[in-house]
Amino acid sequence: MSYVDGFVAAVPTVNKKKYIEHAKLSAVVFKDHGALKVTESWGENVPDGDHTSFPMAVKCSKDETVVFSSVVWPTKEVRDAGWEAIMDDPRMHPDQNPMPFDGKRLIYGGFEVILEE
């Protein structure tokens, strides 16, 4: 089974075009280092919660939009090697591909796929 990295971020809504450009370059880098698929999703129906929610998790303000992203890898081993290479890839350095959002509020994690239909 494959392995998935998931990401949730609050992106200033005015930075949507910048985010798309950042995501396009990042997707190329991820795929160059073994990722099978990269998906970027701009929040459209992401409600605030009373106890938990995506907006609460990333401390989303009224002028920001929640973004949900995923990267699919063939295996965890490919993912681990890919991440190491991505961190060294100059195309991902802040001077080459700056994040158009507050990276301190980015939530991410790696997930073992347990069902794939």
Once amide H atoms are built 1.01 Å from N in the peptide plane, which residues 5 or more positions from THR65, or in another chain, come under 5 Å H to H? VAL11, THR13
Carbon and sulfur %, accessible surface of segment 3-112 computed with the full protein complex present, 1.4 Å: 57
Between helix 76-88 and the chain: long-axis angle, C-alpha atoms, 0 to 90°, nearest 10: 70
Result for segment 8-117: accessible area per residue, probe 1.4 angstrom, in square angstrom, of 68
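How large is the dipole of segment 3-112 about the Cα centre if only Lys and Arg carry +1 and Asp and Glu carry -1, each at its Cβ, rounded to the nearest 20 debye?
260
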Efficiency by 1/(1 + (r/R0)^6): what FRET value for ASP50 and SER70, r their Cβ-Cβ distance, R0 = 30 Å, to the nearest 0.05? 0.70
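The values are calculated or read from the model by the stated rules, or taken from the named source; none is laboratory data. Values in this document were obtained by computation on a predicted structure and should not be read as measured data. Don't worry about glycine lacking a Cβ; one is built from the backbone with ideal geometry, like all the others, and counts go over all protein chains shown. Just the protein is used for accessible areas: all its heavy atoms, side chains included, with ligands, DNA and RNA removed. Shrake-Rupley method; radii C 1.70, N 1.55, O 1.52, S 1.80 Å.
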